[in-house]
Structures are given as C-alpha cells and as structure tokens.
Amino acid sequence: MAQPDPRSPKPTRPPNGAGGDPNFNWRGLVLFAIAIAMLGGAYVFNHGGPMMGGVKDLPYPEFVRTLDADLLFKDPQTGVASLDLISEPGSATDFVAGSMREKEGATPQKFKTQVNLQYQPHLQWMLEEKYKIKVTPKTDSTILASALLNIFMPLLLFVVILYFFFRQQIRMAGKGAMNFGKSKARMMSRDKNKITFKDVAGVEEAKEEVQEIVEFLSDPKKFQKLGGRIPKGVLMVGSPGTGKTLLARAIAGEADVPFFSISGSDFVEMFVGVGASRVRDMFEQGKKSAPCLIFIDEIDAVGRHRGHGMGGGHDEREQTLNALLVEMDGFDTQEGVIIIAATNRPDVLDPALLRPGRFDRQVTVSLPDVKGREEILRVHAKKVKLAENVDLSIVARGTPGFSGAELANVINEAALIAARRGLKAITNDEFEEARDKVRWGRERRSMAMSDKEKENTAYHEASHALLCELVKNMDPLHKVTIIPRGPSLGSTMYLPTEDKHTHRRLELVDRLVVIMGGRVAEELQFGDVTNGARGDIGQATAIARKMVCEWGMSEKMGMVEYGKNEDYVFLGSNLGQGREYSEATAQEIDAEVRKLCDDAYRRAVQLLTDNRPKLEAIAKALLEYETLDRKQILEIMEHGHMLTPPVPPTKPQRPSEPPPLKREEGTTIAPDFPGLTGAPA
C-alpha cells in the first residue's frame, strides 16, 4: 500500500467546520445577510409606525384637520402643544414637525408636514394665535443629513458588502491566472482504482512488458545486479479499443508508487507558452514524488512531427513538444520519472520522441486472436448472467477482427436484448443477435419498402450469397437478409473460419467477383440498374487500387509502390509535394484498376447466367422468409428448395400505421459500410 507523501500539502478545511467546497465564502454570505437586514431595518425605521419610531409624512390638508381636531400631543406638565418650524438655508421648502395622536388615548407619533413660508408668511402667527401652539423656529440641515443617511449610506454599505462577498472570488481569479502554467495531471488513488492485471486479457505480451516495469519499481535490485536500468518511457501503440488505457489503469492498480494521469490535449491552450510550462510543472511534481509513473493518453496531440504545420511563426504545439523532449532526456534529467504514453497514430509522432532514451520501448497492443477474444469475453461475462449452454469459445470464433471494446459491447448488447425479452439469463441467440448488431447494425423491420424495392434487394443479395458459394477462395457465407440493417437495405454476411493477417491475390480477385454480383443481378433480372451498388463499387475500387499501387499484385505495374498510403495524412504533411510518378504511369494504374474490376464483372455475369435458376430460387426464398443462413442457401442450390425452412417472419404491429409511401427507385443512396456487401436502395 502506497504511503502518503509527507511533503504534499494538507487539505484545507472549510471555515466554520462546514462541509462541501472549502473555497465557499461563508463570511461574505453572512455579511451580505447582515447588510440586507440593516437596510430593511433602516427602511422600517424611517417609514414604519409608532412602534418603530418612524416619522410620518403628513399632507398639509390633513395637518390642518389635525389642528382643528386638537390631536397634537401636549406636554403633560404645561398642557401646551409645541411644534418645530424647520427651515433649511437656501431652500424654499420648510417643514413643520411635532407629535400627534390619531385618536384620544393613542400612542403619540412623530410627523412632519411640508410648508412654504414664502406663500404662508403668517403661518407662525396663525399657529400661535389661533391654535395656541408654541412654535419654535429652527434653522437646521437635518434634511440633507437625512438624504445622505437614506441614499448614500445604504449604497456605500452595499458596495462594502459586495467587496467582502466577492473578495474570495477575486483571490481565486488571481490564483487561476497564475495557475495557467500548472500541470493538470491527476494523481490516481488506489482506493478508487480497482483494476489490476487480472482484469486485462487478450494482450499477454503487452501485459508482460508493462508488468516488468511494476516489478522493477517494487524490487529494483533484482535488475540492477546485472547492470540493467529501467526504461524511461514506454509507448503503447494499437488500434482504437484494444485496451491501451485499460492497461495503464491496471498499472496504476498494481504499482505501489504514485501514478499521475494526464491527456495530451491538457497541454494545449490558447495562450503561448502554457503547454511547455505545464510539461515542466508535471515533471517537477513527478520528481518530488519519485519514483513515480506518469501516463499521457493520446500523446499524438502534442507529439506530432515538427515542421509540418500550416504557415510560419512560432508553433505553440512544437514548443510543448520541445519541452517534453528536454524533460524526458535532456541535459539536466533526473531518474525516477517513468513516462507511459498511448496512441493509435504512431506514424505522426516526431522521430526525436521515439528514440531510445526517451521512449525505450514500443509495446504493440494488437487486436486479440481467437484465444484472446475468449479470455476477454470471460472477463466481461463475470458481470452478467449466462445460460448453462452458452459456449464463449463459439462466440469468440464468430467475432474475428473484434477489438476488446467491441467484445465488451457484444456482452452488454446481449444482456440488454435478454432483458428486453424478459429472460433470466443470456442465451446463444442473444449473443448471435448482439454480434450482428455490433458488426452490421440493428435490424429495421418497421421500415416501409415497396414490393419493387424489396424484390430488387432480394435479387441483389441473392447474387452475393450465390457467388460466395460458387467461387473457391472466399470466406464462408454466414447469412443473407433483406431486412434493413444499419445504413443498408439488405446485407450478405461473411465470417472467416480463422483469423487472417494477410490477403492472397486469388482471394481478393474472388472477392471482387462477389462484390460485382449485386449490379450484375439487377441488370440480368430487370434490365436496369439502381444506385444500390454504390457501396459495392467503392469497395471494389479500393481493393483493386491497393492491389495495383500498394501490394504489387499487377503483372504490368510490377513490384513498385505508387504513392504512399494516405490513410493517416494530417494537415500540412504532404502540402506542396507532387506526385511520385508520371502522368503516363497514372494512366496505366487507372487502366489496371479498371481491368481488375471489368474482369471481375465479366466473371460474375458468366457465373450468374449459368446458375440463373438458383439465383431466382434464392431470391424468392428471401422474399418469403427475409433471412436465410448458409445451410438453407446450400439446400436451395442442391435441391432447388429448402428442406428445413425457417419460421415465416411476422410483421410488426404499429398503431395507426399509415399506408406505405410510393417512392421512385433510386431516390436513396446506400452508404458504404466497411466489411458489408452493398445493398440496393
């Protein structure tokens, strides 16, 4: 168990023992509440009743009625009422102030009445002679003081409260500005990370490579006795979904040292110099906790080739990469900080980053083989309930080319399908449907198709299935369906019997024949073609061009690579570079690609013409049953009919279903779907 670093700062506790965010400004909130209470109290005091001691603004007519009713408050000793006649220098407005009773026996209440001595010069004489009231003239500036008290003081108080309330936020804003250059690496807690090497399957060689690093950190003397040193960096390379990040989390779960995790995009900011500053700060944190591991996910975000960007000037990304290169193996480098990085784009990384001394090891995390797929399925199957007759080895053999993430998705989809059907455990049927859904998409049985489109789709897919059994070098047929699935209106599914890492020329030529079958069947049966073969044409062209330009499978063009693989071209890498072959060579390449496709088309025409009755029988069976497997296709080809026909499909019932729309043929384009034979649309 890793011990806490005594040098790490102690966590700050929120004031007043409160939980939650320690940066919450409780003091400002309390001061704000006090200010609101004081403002409310001042308002009530100035405009409240007698209990609050407020001064009532009394209109002049009501003031006269009060005099006539003799409601002014009188001194208990002298029995004489008194009023103050207040005049303010420089102002034409004056006030009469005193105390009154609203009724006999009521509590006295202070009042004031606005008067104008310029128009009422005998007001004082009238009050003294007529009403026998003692009048005391006063020259005072209480009105100005009252205005200051009622207007400016609350405003000043409000500003002071706002300052105290936002003072903490102002401080945090200052800290945030200073923290732009701080690293965003997060230390992973072993209590939260429960993943270990037992949870990683299908990548045994990669697991051994990184497990050796964990062993070195646990017992370095075992390796140092022979003069060995630990690698400074390990680069994990592999396709998306193969488990690179999962392997890093397993390292964090196994290692008894501090483990920092960060993404390559965390170094990139809009401010110049921030990325390099974060790199330096990250290594400073690592040196304080050495020995430690730092995991950088998607390092290609900052590790791309230098000098391939658009335009000139100072590149912030290149500055970040330079800082990373210096920290990993520069003039002042300290031992104890091990970098583990992951990427699925090793071709775009800078060569200086890949040299020994920086990334000493490159661990390839490849797609799992059949044994690895079975192990991955068993790991993920621990979280679900399987039926007794489920054999995961069969599921593994039926998922060639699947990554670890796709296999986990198969398990999850099978569990969801079983739950939707109300089953208590997952059976083989759910695994079969989940596999088809992950690879080819979900069935769309409710999609409205006209009879003409359905017939066109049936002949299109029937030709693919028939040619798949007629040619010699083709993967075995799995099933064929005219139910819309994923982006296509129908599909013919092939499953290889074993994992393949290379492609033979005869296999590729036969695959071109099978791909061309859909367009040929439309032309033979209907005398017209649709745009449903767009995906087929794209697949055939891509295969033929790779055969000629990359794989040297053209006798005329020879063993020459014409143009580099452009699957991983990034912005600016090939800018300004001309074609590596002449215009005459380009014409010959186009002619060879066209020849491969035309030869495959002619073979497909010949095979389908010779087996026209079988094509029609398969198409009619598809129109009736919608989905056929390989066994049923072989029965039709051998006997002309199926010996074990499937259960006829039931159409889904939908409330208030509108009548199907009549669409013209060729209005929809079936998009290209990798690994799937095209279907008409």
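Which listed residue (H460, I543, S450) has the Cα farthest towards the positive end of the charge dipole for segment 427-576, taking +1 on Lys and Arg C-beta and -1 on Asp and Glu C-beta about the Cα centre?
Farthest towards the positive end: I543.
Can you tell me which of 469-477, 243-251, 154-162, 364-372 comes out highest on packing, and rank the rest after it, using the mean Cβ neighbours within 10 Å?
Order by mean packing, descending: 243-251, 364-372, 469-477, 154-162.
Debye sum, Cα scatterers, segment 483-561, no solvent: what log₁₀ I/I(0) at q = 0.11, 0.22, 0.25 1/Å?
Cα-only, vacuum Debye calculation for segment 483-561: -0.39, -1.13, -1.24.
Over 27 Å between Cα atoms: which of K595/K631; K371/K614; K479/K595; K56/K134; K385/K454 fall into that group?
The answer is K595/K631; K371/K614; K479/K595; K385/K454.
What ranking of T136, T107, T399 comes out by heavy-atom accessible area, probe 1.4 Å, highest first?
These residues rank, largest area first, as T107, T136, T399.
In whole Hz, what ³J(HN,Hα) sequence does segment 401-413 give by Karplus (6.51, -1.76, 1.60; θ = phi - 60°), x for Gly and Pro?
Going residue by residue, I get x, 7, 8, x, 5, 5, 5, 4, 5, 4, 4, 5, 5 Hz, with x marking Gly and Pro.
Give the aspartates and glutamates reachable from K110 as a straight Cα distance under 16 Å; neighbours fewer than 8 places away on the same chain don't count.
In chain and number order, the partners are D57, E62, D70, D75, D84, E102.
Along segment 393-399, what does the Karplus equation 6.51 cos²θ - 1.76 cosθ + 1.60 (θ = phi - 60°) give for ³J(HN,Hα), rounded to whole Hz, x for Gly and Pro?
5, 5, 4, 5, 5, x, 10
Between A448 and Q120, 0.36 nm times their residue separation minus their Cα-Cα distance comes to what?
Separation in residues times 0.36 nm, less the Cα-Cα distance, equals 108.6 nm.
Taking amide H positions as placed 1.01 Å from N in the peptide plane, with prolines and chain starts having none, which residues 5 or more places from V365, or on another chain, fall under 5 Å of its amide H?
Counting only residues 5 or more places away or on other chains, the set is V237, G238.
In the structure shown, do any of K194/K222; K207/K383; K207/K472; K452/K472 have a Cα-Cα gap over 30 Å, and if so which?
Cα-Cα > 30 Å for K207/K472; K452/K472; rest within.
Hey, what do the phi angles of segment 597-612 turn into as Karplus ³J(HN,Hα) couplings, whole Hz, using 6.51/-1.76/1.60 and θ = phi - 60°, x for Gly and Pro?
For segment 597-612, the Karplus-derived couplings read 5, 5, 4, 5, 5, 5, 5, 5, 4, 5, 5, 6, 5, 6, 10, 4 Hz, x marking Gly and Pro.
Can you work out the accessible area per residue across segment 411-531, with the rest of the protein chains kept in place, probe 1.4 Å, in square angstrom?
On a per-residue basis, 43 Å².
Calculate the dipole size of segment 376-429 relative to its Cα centre from +1 charges on Lys and Arg beta carbons and -1 charges on Asp and Glu beta carbons; express the result in debye to the nearest 20.
Values: 8 positive and 5 negative charges, 45 e Å.
Around 220 debye, computed over segment 376-429.
Percent of accessible area on segment 334-387 owned by carbon and sulfur, 1.4 Å probe?
In segment 334-387, the share of accessible area belonging to carbon and sulfur is 52 percent.
The values are calculated or read from the model by the stated rules, or taken from the named source; none is laboratory data. All figures in this text were calculated on a predicted structure; none of them were measured in a lab. Every residue, glycine as well, gets a Cβ built from its backbone with ideal geometry; the counts of neighbours run over all protein chains shown. Heads up: the accessible areas ignore ligands, DNA and RNA and are worked out on the full protein's heavy atoms, side chains in. Shrake-Rupley method; radii C 1.70, N 1.55, O 1.52, S 1.80 Å.
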